[in-house]
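Here is the structure we will look at, set down as structure tokens.
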Amino acid sequence: QVQLVESGGGSVQPGGSLRLSCAASGRTFSSSTMGWFRQALGMERVFVAAEDRFRYYADSVRGRFTISRDYAKNMVYLQMNSLKPEDTAVYYCAAAPPGTLFDKSRSAGYDVWGQGTQVTVSS
């Protein structure tokens, strides 16, 4: 069973940091683009970051968030620094089919999704 499981969400004050983790299982992910998306309450799901040996970021998080991968452990991470209230959302990990080329910011390019983890930034 192909599965992505996120962890590491929580509540933090503005300016704080969180590190999200995503554990992938059920198939080989080494040749898959892995991404993070987020969905705020009442809003559409939007791209945050992706990695396929290169790193891609939404303008809203570039310089504050860092995506990384441990290929040996099938893990993906999202280090979030200088968090702002507008970063509050459910964060989802996603995996694309192996070897596919596509616009990393488009959710339609990913075929496996995690259940999401809540991040709340509030004073």
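The values are calculated or read from the model by the stated rules, or taken from the named source; none is laboratory data. As the structure is a computational prediction, the values presented were derived from the model and not from experiment. Cβ placement follows ideal geometry from the backbone for every residue including glycine, while neighbour counts extend to all protein chains displayed. Only protein heavy atoms, including side chains, enter the accessible area calculation; ligands, DNA and RNA are left aside. Shrake-Rupley method; radii C 1.70, N 1.55, O 1.52, S 1.80 Å.
Things worth noting here:
- Distance between the range 109-123 and the range 1-38 - C-alpha centres, whole angstrom: 8
- Residue-normalised accessible area of the range 65-117, given per residue in Å² at a 1.4 Å probe: 46
- Radius ratio Rg over Rh of the chain, counting only Cα atoms, Kirkwood formula for Rh: 0.94
- Sorting 104, 84, 73 by solvent-accessible area of protein heavy atoms yields 73, 84, 104, largest first, with a 1.4 Å probe.
- Rounded if a/c under 1.5, otherwise prolate or oblate - the range 1-57, Cα gyration tensor axes: prolate
- The GluC sites (Glu not before Pro) of the range 1-92 that DSSP puts in a loop, and whose beta carbon has at most 12 other beta carbons within 10 Å, are 44.
- Where 121, 46 fall by accessible area, highest first, once all protein chains stay in place (1.4 Å): 46, 121
- Residues of the chain were split at every exposed loop site, defined as chymotrypsin sites (Phe, Trp or Tyr not before Pro) in a DSSP loop with at most 16 other C-beta atoms within 10 angstrom, and the longest piece left, sites excluded, is 1-53.
- Within the assembled protein chains, the solvent-accessible surface assigned to residue 120 is about 40 Å², based on a 1.4 Å probe.
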